[in-house]
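The values are calculated or read from the model by the stated rules, or taken from the named source; none is laboratory data. Worth saying up front: this structure is predicted, and the values here are computed from it rather than measured. Here the Cβ is made from the backbone with ideal geometry for all residues, glycine too, and neighbour counts use every protein chain on show. These accessible areas exclude ligands, DNA and RNA; they are computed on the full protein's heavy atoms, side chains included. Shrake-Rupley method; radii C 1.70, N 1.55, O 1.52, S 1.80 Å.
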Amino acid sequence: MTGNTMKRLILILTMIIAAASTLTAQNSSSAIDSLVKEAMTAADTAQARLYNNVAWKLRYSDPHQAIHLAQIALEIAKGHNQPEQCAMSFGVMGICSKNLGEYDKAVKFYEEAHGIRVKYANTEELAYSNINLANIYINLNDPDKARTYVDDIARDLDKINKKEILAYYHLNYGRILTMKAKYDSAYTELNLALKLRQEINAPRSSVLSTLRLLAELQTFSGDTFSAIDNYRIIIRDSSQIDRPMFVDVYNSMANILLNRARYDSADYYARKALAIADSLDAKQKKERIYGTIGMINYRQRKYVKAAEWFERKINLGNEIYGDALNQNLISAKATAEKTKKDAEISKLDEENRVQQALNTAFGILLSTIIILLIIFIVYNRKTRNLHRRLDEQEKSLDESNSKITASLNYARRIQQSAVSEVADVAEIFPDSMVFYKPRDIVSGDWYRVETRRGYKIIVEADCTGHGVPGSLLSMMGMSALKDILNDIDNSGEEFDPAIILSRMRIMVKTMLLQVDDSGMAINDGMDMSIGVIDPKTNIMRFGSAYQMAILVRNGECIKIKGDRQPIGNYIREKDFTSQEIQLQKGDSLFFMSDGIKDQTSPSPRMEKFKGPRLDDFLLKNIHLPMKQIGENLMTTIEAWRDGSLQMDDMTMVGVRID
């Protein structure tokens, strides 16, 4: 077969497939229109059931329209006292909200349906309601809440004796065990669910969704080769997969390929996931994909692009969770600054500002050196022309350096808008101080001080490295912390530092996918300390990763130590712990990075500031207001350095208990 013949054959097949797809879509749309007309003209008592049936058919292909039809069905069912159809309407709206990634709305709809079914439904319908609630709480990262509904299913299994419900039970129980890192037991449960669905000839989409969960488990447990095989099976059966599942499958494939340093393939799958999520307007799924694409660029050292994607993730997270403080700090400030610098920033290459500027600067510098050598050896007579050209090169180099500095200053403004403002800290702790001094324009240190459900939370972290790489890690860390605190806040769990640190480790390791091209673990990560204070009792729960806090009480510096392991890869990894400390009125607490103690005096001594010298400083100044302590610390450190280079980022957050 000739090349031209092959091309014609491919073109003909493509046209046939496209025509068939168009015809299928038209037939499907026509069928839906017919069902809607049937519902509109049906008897009053049948309308709610028919509208719900149409909504059910659209739950994956058009969840927005499905919700609209379910709302119509709900109003009709209420008017005719049809509780079973009311429950059906709420259930459909729940699954559509879940498909759109709007999990909070899904919970409310599912709970409405559950409340009705507890009163009116039979055991089987109640079991499906428990299945929906268990599933949504798993998606909300609340395995303990999900387990209560799974246990309710288990209690009624003998009465139901239906393999479809038994498969759902094993499926959700397996997902809960996966979240608890009990991988062997989870694998057993998910395989039971898969076997049951195959035995009852369940729809292919149900079998494939089980395969997807098995692939996720294999990814978590490190068996990524098996995971990819299962994902490929799912993708080959694309006609049987709903679009929300496609988003998760493509994003998971992207993360696995990122872990293997196959960046082009990872970006391909992440972009496919984003295109579908955009079409669904699934904001929470888009937020996760933004993080994936940010990591793909970060691992390729495309730091500017990575920062842009992480900023999109943070901004979308603010929109989802309605965090007014961070929205003002990140979005409003960044927008204002962008407006001021619009003329300057528009000159930069939006695709790769920092990298192009650096390449330009190095190219100019190299060209200048070559020109100098040639002119010095061969064209010594052209000294005047040399000066003119040197002036031009110098001007060009200055412009390039200005562009680099402008980009880094813009990144600094984004980063500083993400940490807590000094004024906001003072609202929570009236007598407080923040000492925050990056080594470079941007910082690998960060901190957060905020209130959640009445608790006062202090977090200080020190990321691997400093400068641009350290600042990207810090932005990822702040984003991960915000997600974790939102999950805990929404689920009603305790704000336990040990739980927060453990989840931070999981998220950081997942985002960094910490294996290099040779298969060796990457040591990127962060040290962190967390204090959660109950103002009613003045009891502080404290936990830390390779950090400590200092409590100054009655003329003594008391060291509060945590676990000697970082957030990230560690050869002797263990569970994080937390401890309770009864604070007293007048106590002073200090959370800090090691950058303060690591500052060195000038040569020839080159002596570090060290912990004992910091203790002496605190004891001598503790009688002063916290703000004055911060100012004195700056003066003391500057005098100690006496003009020597700053060795590391420096951060200290100090509060006094009233």
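Remark: spin-label model distance residue 573-residue 180 equals 1.9 nm, labels positioned 7 Å along the Cα→Cβ axis. Can you give me the accessible area per residue for the range 30-172, using a 1.4 Å probe, in Å²? Ligands and nucleic acids excluded, the figure is 47 Å² per residue.
Taking amide hydrogens as placed 1.01 Å from N in the peptide plane, the amide H of residue 596 sits under 5 Å from those of 651, each at least 5 positions away in sequence or on another chain. Between the C-alpha center of the range 165-185 and that of the range 612-651 there is a gap of 52 Å.
Annotation: for a label point projected 7 angstrom from Cα along Cα→Cβ of residue 534, residues of the range 445-486 with backbone N closer than 15 Å are 452-457.
When you count the other C-beta atoms within 10 angstrom of each residue and take the mean per peptide, 579-591, 154-166, 251-263, 303-315 line up highest first as 303-315, 251-263, 579-591, 154-166.
The alpha carbon centroids of the range 195-256 and the range 406-451 are separated by 42 Å. Over all other residues within a Cβ to Cβ distance under 14 Å of residue 46, the charged ones net out to -1, with Lys and Arg as +1 and Asp and Glu as -1. The residues neighbouring residue 298, those whose beta-carbon lies less than 10 Å from its own, together hold a net charge of +3 under the Lys/Arg +1, Asp/Glu -1 convention. Between residue 188 and residue 564, what is the FRET efficiency for a Förster distance of 35 Å, r being their Cβ-Cβ separation, to the nearest 0.05? FRET efficiency, residue 188 to residue 564: 0.50.
Share of antiparallel DSSP beta bridges in the range 485-615, in percent to the nearest 5? Around 95 percent antiparallel, to the nearest 5.
Across the range 542-556, computed HN-Hα scalar couplings (Karplus, 6.51 cos²θ - 1.76 cosθ + 1.60, θ = phi - 60°) run 10, x, 8, 10, 6, 9, 9, 10, 10, 10, 9, 8, 6, x, 9 Hz from first to last residue, x flagging Gly and Pro. Grab the other residues whose beta carbon is less than 12 angstrom from that of residue 170, score K and R as +1, D and E as -1, and report the net. Net local charge, residue 170 excluded: +2.
With only the Cα atoms considered, the range 31-134 has a convex hull volume of 87 Å³ per residue.
I need the Kirkwood Rh of the range 172-233: take the reciprocal of the average 1/r across all distinct C-alpha pairs and report it in angstrom.
Numbers: mean 1/r = 0.0870 Å⁻¹.
Its Kirkwood hydrodynamic radius stands at 11.5 Å.
Put a dot 7 Å past the Cα of residue 608, heading toward its Cβ, do the same for residue 268, and the two dots end up 4.8 nm apart. Were the residues from residue 490 through residue 554 laid out at 0.36 nm apart, the gain over their Cα-Cα distance would be 19.1 nm. Here the scattering of the range 418-509 is modelled by Debye summation over its C-alpha atoms, one equal scatterer each and no solvent; at q = 0.18 Å⁻¹ the log10 of I(q)/I(0) is -0.87. Computed 3J(HN,Hα) for the range 426-443, one whole-Hz value per residue from the Karplus formula 6.51 cos²θ - 1.76 cosθ + 1.60 where θ = phi - 60°, is 5, 5, 7, 10, x, 9, 8, 8, 10, 10, 9, 9, x, 6, 10, 5, 10, 10, glycine and proline marked x.
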